[in-house]
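Structure, as structure tokens:
The values are calculated or read from the model by the stated rules, or taken from the named source; none is laboratory data. Computed from a predicted structure; not experimentally measured. As a convention, Cβ positions derive from the backbone with ideal geometry for all residues, glycine included, and neighbour counts pool all protein chains shown. Quick note on the areas: whole protein, heavy atoms, side chains included, nothing else; ligands and nucleic acids left out. Shrake-Rupley method; radii C 1.70, N 1.55, O 1.52, S 1.80 Å.
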Amino acid sequence: MQSRPQPACYSGVMNDIARSSAADRAAINRENAQKSTGPRTEAGKQRSKLNALRHGLTGHTIVLPIEDHSAYQRHSQSFLDEYRPKGATETQLVQSLLDTSWQLNRAAAVETNLFSLGITESEDRIRASHPEAEAALGMALAYREHNRAFANIGIYRQRLAREFERTLVLLRQIQAERRKNEERQLDNAAKILKMHQEQNSDQPAPYNPADDGFVFSKAEIETYMSREERWQQANDHDSYEHA
């Protein structure tokens, strides 16, 4: 059966109704959005923060809201002081090291907390003649009841440890190559500076290492020359002592 054609006025009315309905829905949505102000209590705000976090051992968030940010800063500074990265690549590798070690420490803490939870939960379930025996049995009970959690933590720790080791090997290789290149460049710069000083002994002229393509300052080159001279003196002294 063919549908009966609708008059033009009917289509216009239906379009007006559709537009009116859409406008009403938009107005309702705006009103609801104004009423929704998010969590009001401090506990609610903390839960809201946690909703955006991924798993603490595998996600991109390194410092969790419940962790001490100042402790993370001290942890970071200790790695920066030890490895003293230069350039973007070394800095990124050191950042990876300190973040991975932070996550490793967290995994160890979670494991310890699981044991502590098991000991606490078993206080009314286990009776032994000695507190240490009760604690040991509580740990065993916790491991038996949460063995899957312990296994997952072990997998995460192994993965993080391998990542840390690979990153450390790569960082050491890059830094060794960089230091070797710096030593070679400093030796070349020292030779040129020494030649410059000898050629201008009567009328000292300023020397700019950048003119010869070096990134070192004149003071850094002079420090290198002084250090090499001291090493040579030490070697000569040692040879004299054992002659």
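Considering only residues in segment 155-170 that are without any contact (Cβ under 8 Å) to a residue 24 or more places away in the chain and either open to solvent by less than 60 Å² (accessible area, probe 1.4 Å) or not polar (S, T, N, Q) (or both), the one that is nearest to residue 87 (Cα to Cα) turns out to be 169. Note on segment 171-225: residues that are without any contact (Cβ under 8 Å) to a residue 24 or more places away in the chain, open to solvent by 60 Å² or more (accessible area, probe 1.4 Å) and more than 24 Å from residue 85 (Cα to Cα) total 13.
Evaluate the following for residue 159: is it of a type in the set (Lys, Arg), part of a helix (DSSP H, G or I) and either under 30 Å from residue 177 (Cβ atoms) or modelled with pLDDT of 90 or more (or both)? Walk me through it before giving the result.
On the way: of a type in the set (Lys, Arg): yes; part of a helix (DSSP H, G or I): yes; either under 30 Å from residue 177 (Cβ atoms) or modelled with pLDDT of 90 or more (or both): yes.
So residue 159 fits the description; yes.
Within segment 70-91, residues that are under 16 Å from residue 105 (Cβ atoms) have Cβ atoms under 7 Å from residues that are in a helix (DSSP H, G or I) in these pairs: 72/102; 75/98; 75/102; 76/98; 79/94; 79/97; 79/98, counting only partners at least 6 apart in sequence or on another chain.
Among the residues of segment 190-221, those identified as within 37 Å of the chain's Cα centre (by Cα) and not in a loop (DSSP other than H, G, I, E, B) are 209, 210, 218, 219, 220, 221. Would you confirm whether or not segment 113-122 contains a residue that is of a type in the set (Gly, Ala, Ser), modelled with pLDDT under 95 and in a helix (DSSP H, G or I)? Yes, segment 113-122 contains a residue that is of a type in the set (Gly, Ala, Ser), modelled with pLDDT under 95 and in a helix (DSSP H, G or I).
Of the residues making up segment 44-77, just one is at pLDDT below 90, surrounded by 12 or more Cβ atoms within 10 Å (Cβ to Cβ), under 13 Å from the mean Cα position of the chain (by Cα) and assigned to a helix (DSSP H, G or I), namely 72.
Report yes if residue 204 is over 27 Å from residue 96 (Cα atoms) and in contact with a Leu (Cβ under 9 Å, 6 or more places away or on another chain), otherwise no.
Answer is no for this residue.
Selection of segment 78-110 for residues being open to solvent by 60 Å² or more (accessible area, probe 1.4 Å) and closer than 13 Å to residue 167 by Cα yields 89, 91, 92, 95. Quick one: which residue in 210, 136, 140 is among the small types (Gly, Ala, Ser) and at pLDDT 80 or above? Exactly one residue qualifies, and that residue is 210.
Each row is one residue, and each column tells you yes or no for (1) of a type in the set (A, V, I, L, M, F, W, C); (2) modelled with pLDDT of 90 or more.
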| residue | (1), (2) |
| --- | --- |
| 170 | yes, yes |
| 173 | no, yes |
| 177 | no, yes |
| 180 | no, yes |
| 189 | yes, yes |
| 199 | no, no |
| 205 | yes, no |
| 215 | yes, no |
| 218 | no, no |
